[in-house]
Amino acid sequence: MKNLNPSLATIPLVSLSLLSLSFSPVALANNPSSVIPKNTQQSSTLIAQQQICNVVNIQTGQLALRHSPGGESRAGLNNGNTVAFLRGGGVPWAYVRVLNGPNSRVNGLEGWVNANYLSCSQASAVTQSPQIFCDVVNIRTGQLALRFAPGGESRAGLNNGNTIKWLRDGNNPWVYVRVVDGPNNAVNGLEGWVNSDYLACYDDA
């Protein structure tokens, strides 16, 4: 791809600051396979300065999201896709996580992109909740759908034993998660909505 913006070739490493704040933990319900958010306790966690970038200047095709710098492409990004800068590589490569954008099927994927096609800015402090992980449980038949929206179209299926990271709450019973590990590792890294009635969660803080 043609280098259209040399000034974007390098991206500074993200700086981190450690602060104290409040969070809303997740408490297990009486049913061990479901979780219900509570707002009655406080604890400390971290705030990180996160750099957010937009994909820009793609004239034809897509910006490849690669398994390694210059390596095989795993997905394509369009102008307007937003990514979180995670770390730098050799110029012009940057390792990113896709946050949102016009092709939502790639949301949650991580990989290497050519930083010449990124326009980045330093975001304000981003709250990081305690590490809440959950195992998929009690699936009798089929799979637990990982959906684009609560009750919406399925993008993948999870099995008993898949481990997910709890990212945020929705209307009960829906929660937004990222797949971390499990028997069907092809879905690792994907994000979406699942029915929390089929999750057994624990706090890994």
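We did not get these values from a lab; they are worked out from the coordinates using the rules stated. Since the structure is predicted, the reported quantities are computational estimates derived from the model, not experimental observations. Note: ideal-geometry Cβ built from the backbone for every residue, glycine included; neighbour counts use all protein chains shown.
Which cross-chain or sequence-distant (5 or more) residues have an amide H under 5 Å from the amide H of residue 155, H modelled 1.01 Å from N in plane?
For residue 155, the qualifying residues are 146, 147, 148.
As a test of understanding, state the convex hull volume per residue of segment 80-125 from its alpha carbons, in Å³.
For segment 80-125, the hull spanned by Cα atoms encloses 81 Å³ per residue.
Can you compute the modelled spin-label distance between residue 60 and residue 72, with each label point 7 Å from Cα toward Cβ, in nm?
2.6
Hey, any idea what the orientation-averaged projected area of the convex hull of segment 131-203's Cα atoms comes to, in nm²?
Directional mean of the projected Cα hull area for segment 131-203 stands at 4.2 nm².
Under 5 Å between amide H atoms, partner at least 5 residues away or on a different chain: which partners does residue 109 have, H built in plane at 1.01 Å?
Correct list: 98.
Along the Cα-to-Cβ line of residue 103, 7 Å from the Cα, sits a label point; which residues in segment 152-178 have backbone N less than 18 Å from it?
155-156
Within segment 151-173, whose backbone N sits under 17 Å from a point 7 Å along Cα→Cβ of residue 195?
Only 151-162, 170-173 fall inside the zone, counting backbone N under 17 Å.
Counting only residues 5 or more places away or on other chains, whose amide H sits under 5 Å from the amide H of residue 162 once H atoms are built in the peptide plane?
Those lying under 5 Å, H to H, from residue 162 are 136.
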